[in-house]
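Only one structure is covered here, and it is reproduced in the block below.
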Amino acid sequence: MNITPVTLEVFKNKFASVAEEMGVALTRTAYSPNIKERRDFSCAVFDAGGAMVAQAAHIPVHLGSMPLSVRAAIDAVDMAPGDMVMLNDPFKGGTHLPDITLVAPVFAGGETPLFYVACRAHHADVGGMAAGSMPLSTSIYQEGLIIPPVRIVVGNEIVADVMALFLANVRTPTERQGDFAAQIMANRTGIARLEALVAAHGRDAVTRLGEALIDYAARLMTAAIEAMPDGTYEACDVLDDDGTGSGEVTLRLTLTIDGGAAELDFRASDPQTPGCVNAVRAIAVSAALYVFHALAGEAMPANAGCLRPLTVVTKPGTVADAQVPAAVAGGNVETSQRLVDVILRALAVALPGRIPAASQGTMNNLAMGGIDSRSGTAFTYYETLAGGAGADAAGPGQSGVHSHMTNTLNTPIEALEYAYPLRVTRYCLRRNSGGPGRHAGGDGLVREIEVLAAMEATVLSDRRLRGPWGLDGGGEGAAGVNVVTRRAGEMVMPGKFHVRLRPGDRLRLETPGGGGFGPAT
């Protein structure tokens, strides 16, 4: 088969459309607002060896980690047609426990799998010490149910005892069961579309085109790195704290550009912390892949080839390569953002004018749960909040957007108030929170929620002690603020806290603005 550039482009979009359609199926059939409204999930296609062929434009933090989960599933379970494997273990390619991955083989009439499809979705509760499974933990065993690679579907039938075991360990079993069903249907959609592709073009042709796309991405990434000046660039950045009062947590990077290859060395980062901001190695890989993929341009396919010219070096036992039993709930959401910041800061020296100032640098995680007084049933709610994007040489930063490692939407007020005993009393841009400069950083958001029933809440946020950095003389964006309002008055809270709330109490998050670019005139 002669693979022309036109053929390659057509099949790049065919494979990507399989993953995109999986995402549409998941969105339309999910139960929880976190998946159906915020779209906190990713879907992807993998070859027979577990290398990613295509990922839909979903969550960047899953770019480098989903392939490791798929590889773990392949190694642990001999999958037959109609089987699906689930797992969430952060130390087997996962990110944190609420992100549950379902992997399914695609045999397409053969005796061995030709491809695999996988979808990863953030479940609003997987047990653990706090509602929403995003606690201020000091061990992964406090964060929820750890799932190694196990069959959840066998011969197209859900394994009832495995499902029952999982549902017995979560606060909202009906919602979880509905979201699992949606993930199963998403994978079945991917299987059907790949089988149709193979039926139309043949097993050998489709396999070769998948391999060719991976090679194509590797060539594009190599060319993009070759265009960067050779050299060694260093940068560091910090998290406010780890939630246990241990002080700043520093991430350090030595970036080496050499011809068409880049090495990102995080070994000098701080040791893993007592608190929950530890990141597993897969997150460091995802951060590197995200930044370089973004710099390479929109034509770059999102697949395993992007990683070939990149070498990510980490030291086991550090905050960028945490080991069991480290707490990791916040590593996926907060440390991932700071890993991106430190990579961009190093590249700003190598590529002046191409790199933006720091965006908000946090996902402003909010998890709440209790008993819904309207129905008498348990509920859990989780979302991340947008903020300001960093300005760059081309113009000001965007306001009120999710940036970098998160790519989710907000939870609409109507959906939030319909599903939970909550009332949104304020939702607006946080005016003038963007950093000053020739181009100002984007503004953050203000979101205030009144609780209508007794519940607990956990906030995992950062950039509360210092704002996102500016670039080329631009000023810092405003640091974020967390406030709890009770009858007795307002209390300014730290960046990471857990609190019990009574009906009428309000929780307000003011998210950081982005850094400014260039000196103000």
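The values are calculated or read from the model by the stated rules, or taken from the named source; none is laboratory data. Bear in mind the structure is a predicted one, so any value in this text is a computation, not a measurement. Don't worry about glycine lacking a Cβ; one is built from the backbone with ideal geometry, like all the others, and counts go over all protein chains shown. Ligands, DNA and RNA are stripped out before the accessible areas are found, and what is left, the full protein with its side chains, is counted by its heavy atoms. Shrake-Rupley method; radii C 1.70, N 1.55, O 1.52, S 1.80 Å.
How many percent of DSSP beta bridges within the chain run antiparallel, rounded to 5?
Values: 86 of 91 bridges.
Here the antiparallel bridges make up roughly 95 percent for the chain.
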Ignoring ligands, DNA and RNA, what accessible area per residue does the chain give at 1.4 Å, in Å²? 35 Å²
Local charge sum around Gly437 (other residues, Cβ-Cβ under 11 Å, Lys/Arg +1, Asp/Glu -1)? -2
Read phi for every residue in the range 467-476 and hand back ³J(HN,Hα) as whole Hz from Karplus 6.51 cos²θ - 1.76 cosθ + 1.60, θ = phi - 60°, with x for Gly and Pro. x, x, 6, x, 9, 6, x, x, x, 5
How much mean residue ellipticity at 222 nm does the chain get from its helices, if each DSSP H run of length 4 or more adds -39500 (n - 2.57) and you divide by all residues, to the nearest 500 deg cm²/dmol? -9000 deg cm²/dmol
Taking +1 at the Cβ of each Lys and Arg and -1 at the Cβ of each Asp and Glu, which of Ala454, Thr408, Ala478 sits farthest along the dipole of the range 401-521 towards its positive end, judged by Cα position relative to the Cα centre? Ala454
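Please give the contour-minus-distance gain from Arg208 to Ala488: 0.36 nm per residue of separation, less the Cα-Cα distance, rounded to one decimal in nm. Kindly include the intermediate steps, with their values, before the conclusion.
Details: separation 280, 0.36 × 280 = 100.80 nm, distance 6.74 nm.
Roughly 94.1 nm would be gained on extension.
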Which helices, taking whole DSSP H runs in the chain, have alpha carbons extending 24 angstrom or more along the helix axis plus mean Kyte-Doolittle at least -0.5? 5-29, 173-201, 203-226
Using modelled amide H (1.01 Å from N, peptide plane; none on Pro or chain starts), what sits under 5 Å from the amide H of Asn278, excluding residues fewer than 5 places away? Thr273, Gly330, Gly331
In Hz, Karplus ³J(HN,Hα) per residue of the range 269-275 (6.51, -1.76, 1.60; θ = phi - 60°; x = Gly, Pro): 5, 4, x, 4, 9, x, x
Could you work out the longest stretch of the chain that avoids the trypsin sites (Lys or Arg not before Pro) located in DSSP loops with at most 11 other Cβ atoms within 10 Å? 1-373
In order through the range 420-437: 3J(HN,Hα) via Karplus (6.51 cos²θ - 1.76 cosθ + 1.60), integer Hz, x for Gly, Pro: 9, x, 9, 10, 7, 9, 7, 8, 7, 6, 8, 4, 6, 8, x, x, x, x
So between Arg308 and Ser139, what do we pick up on full extension, going 0.36 nm a residue minus the alpha carbon distance? 57.5 nm
Of the accessible area of the range 274-344, with the probe set at 1.4 angstrom, what percent is carbon plus sulfur? 57 percent
At the level of C-alpha centres, the distance separating the range 177-250 and the range 507-521, in angstrom, is 30 Å
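Using Cα-Cα distances under 8 Å and only pairs 6 or more residues apart, what relative contact order does the range 255-368 have, in percent? Write down the numbers at each step before the final one.
On the way: 162 pairs, mean separation 39.5, N = 114.
For the range 255-368, the relative contact order is 35 percent.
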Alpha-carbon centroid distance for the pair the range 288-347 / the range 18-62, whole angstrom: 19 Å
Could you please state how large a percent of the accessible area of the range 81-176 is carbon and sulfur, counting protein chains only and using a 1.4 Å probe? 57 percent
